[in-house]
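Visitor: First, the structure itself, so that you have it in front of you.
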Amino acid sequence: MKHRYVRQRARHRAMTPGGKVLMKSTAVVMVAAAGGMLFGDAQAPAVASAPVTPSPLAPAFAADSYTVAPTPPTPSATASPSGTPAAPAQPGTAQLVQKPPVRPVAGLDQAAMDNAAIIVRVGRDRGVPQRGLVVAVATAMQESDLHNVASGAVPSSLSYAHQGVSQDADSVGLFQQRPSQGWGSVGQLMDPEHSTALFFDALARVPGWESMSVTAAAQAVQRSAFPNAYSKHQGAAETVVQALL
């Protein structure tokens, strides 16, 4: 037994050998074979559409390094000055524009200024107040002249990108942190962003660091043999941080 259900607005239809009806007008026509059911407009099952492939996401870039330029208006396909029809721009496209690095201040070179920018960015991402940024920059000024330094005593550190080589035990990186003292692996300490995060983690564990002097807060983290050495960098660090905010 066959049941055939046809909406009344149908004007034209064509039958296939299998008993299906092809829609030829604006009406929706459905045919059910034996045992079929009638679906009204409110009860009709959703017809699965072809899967939509999402467009690939743009790579993520650090906010301080890149910004997304607004999409330019799509030009009409009119003739260009040369007489050749202009091709329309692809909709939804955007260009990644790299911001120029902040020019050095306080006597730094560009590499040192770029490393200071990393320290400031990591700190701000963590909600570190401006005084904490000054403590970190002053510390790195004293420890490495704000350069990512490898150690000749740690051969593996030389395989990472570095801006100088020291011979101070196994101290490496911007903050001259020591793998043997539990700061982290050589790879982690040679990564400016990771080593900076480790510094801020340690600073946050110092009770009342916010009310300490810059050199006292730095010393509480670093435990240097020269506890007062950081104070001479405070003014320059403040200038650098201000330029990067």
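The values are calculated or read from the model by the stated rules, or taken from the named source; none is laboratory data. What you see is a predicted model; the values in this text were computed from it and never measured. For neighbour counting, all protein chains shown are included, and Cβ atoms are generated from backbone atoms with ideal geometry for every residue, glycine included.
Visitor: So, in the range 136-187, of the ones that are of a type in the set (D, E, K, R) and not assigned by TED's automatic domain parsing to the domain that holds SER231, which residue ends up surrounded by the fewest Cβ atoms within 10 Å (Cβ to Cβ)?
Guide: ASP168
Visitor: Let me ask another. Return the residues of the range 201-245 that are among the aromatic types (Phe, Trp, Tyr) and part of a helix (DSSP H, G or I); say none if nothing qualifies.
Guide: So in the range 201-245, the residues among the aromatic types (Phe, Trp, Tyr) come out as 209, 226, 230.
If the condition is that a residue be among the aromatic types (Phe, Trp, Tyr) and part of a helix (DSSP H, G or I), then TRP209 is the only one that fits.
Visitor: Still on this model: What number goes with the only condition from (1) over 27 Å from GLU238 (Cα atoms); (2) assigned to a helix (DSSP H, G or I); (3) within 28 Å of the chain's Cα centre (by Cα) that SER195 does not pass?
Guide: Only one criterion in (1) over 27 Å from GLU238 (Cα atoms); (2) assigned to a helix (DSSP H, G or I); (3) within 28 Å of the chain's Cα centre (by Cα) is unmet by SER195, namely (1).
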